[in-house]
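I have placed the structure first, in the form of structure tokens, so that the comments after it can refer back to it.
The values are calculated or read from the model by the stated rules, or taken from the named source; none is laboratory data. These numbers come from a predicted model, not from an experiment. Backbone-built Cβ (ideal geometry, glycine too); neighbour counts: all protein chains shown. Accessible surface is based on the protein model in full, side chains and every heavy atom, while ligands, DNA and RNA are left aside. Shrake-Rupley method; radii C 1.70, N 1.55, O 1.52, S 1.80 Å.
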Amino acid sequence: MARSEATDLTSVEALGIAIRSEMDSRDIYRELAERSPHTITRRRFELLAAEEEQHLQHLTERYEEVAGGVPLALPPSLLPQSMASAEARRQWDMADVLDMAIDEERRSREFYLQAARDTNDLSGRAMFRFLADMEYLHWMTLAQEKDLLVRYPNYGRPGRSPWRAEKGLAPASRKGGNPHDIE
């Protein structure tokens, strides 16, 4: 079941979907950290992974509070099939994985906002609102990383000035004609 199609879910089902989503995101950010050659971007992805781990802990605790002893049964990965495994994601370049992660953060935010609207439990509503706000922060962070990666081919490459193009490689800003670019 895709998050965007989730309707009439019980609190327990919503928590199961949220837990799976946080697990998927955490794993992706760990992989992106491993793939990142630059210390700053690696740390940024490690921080995102740590935040997703913290969300996972909050959701698991909440699940235990409301599930009444029902064992947690996680749905399969909610990621697109072409990126549902670490092996599949290794075939994609960093920009494509970032695009997928951006989409997942956006969808997670929408799911959490809907879950907050649908629950009658004030504590659950506050938790889902908090998670929606955090996913929005992640969404914007990833969008910024993607923008830097696309606009500056040397971004994240150790020992290279990100704003200087290599021979035969023009900065994306010159190709795209962004009105906010400074020549």
*Considering 65, 34, 53, 46, which residue is within 20 Å of residue 160 (Cα to Cα), free of Cβ contacts under 8 Å to residues at least 60 places away in the same chain and not basic (Lys, Arg)?*
34
_For the stretch 32-59, give me each residue that is open to solvent by less than 60 Å² (accessible area, probe 1.4 Å), in a helix (DSSP H, G or I) and touching a helix residue (DSSP H, G or I) at 6+ places or on another chain (Cβ under 6 Å)._
32, 33, 45, 48, 49, 52, 53, 55, 56, 59
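Per-residue answers, yes or no, for (1) touching a Ser or Thr at 6+ places or on another chain (Cβ under 8 Å); (2) closer than 13 Å to residue 11 by Cβ:
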{"site": "100", "(1), (2)": "no, no"}
{"site": "107", "(1), (2)": "yes, no"}
{"site": "110", "(1), (2)": "yes, no"}
{"site": "118", "(1), (2)": "no, yes"}
{"site": "122", "(1), (2)": "no, yes"}
{"site": "125", "(1), (2)": "yes, yes"}
{"site": "128", "(1), (2)": "yes, yes"}
{"site": "134", "(1), (2)": "no, no"}
{"site": "137", "(1), (2)": "no, no"}
*Within the stretch 95-138, how many residues are surrounded by fewer than 19 Cβ atoms within 10 Å (Cβ to Cβ), under 19 Å from residue 32 (Cα atoms) and either among the charged types (D, E, K, R) or touching an Asp or Glu at 6+ places or on another chain (Cβ under 6 Å) (or both)?*
4
*asked:* For the stretch 15-29, which positions are out of contact with any Asp or Glu (no Cβ under 8 Å at 6 or more places or on another chain) and closer than 18 Å to residue 96 by Cβ?
replied: 27
*Of the residues in the stretch 41-68, how many are more than 25 Å from residue 149 (Cα to Cα) and either among the aliphatic types (A, V, I, L, M) or at pLDDT 90 or above (or both)?*
15
*Output yes when any residue across the stretch 143-156 is touching a residue at least 40 places away in the same chain (Cβ under 8 Å), open to solvent by 70 Å² or more (accessible area, probe 1.4 Å) and either of a type in the set (D, E, K, R) or closer than 16 Å to residue 14 by Cα (or both), and no when none is.*
no
_I need a count of the residues in the stretch 60-86 that are open to solvent by less than 40 Å² (accessible area, probe 1.4 Å), under 13 Å from residue 19 (Cβ atoms) and either in contact with a Leu (Cβ under 7 Å, 6 or more places away or on another chain) or in a helix (DSSP H, G or I) (or both)._
2
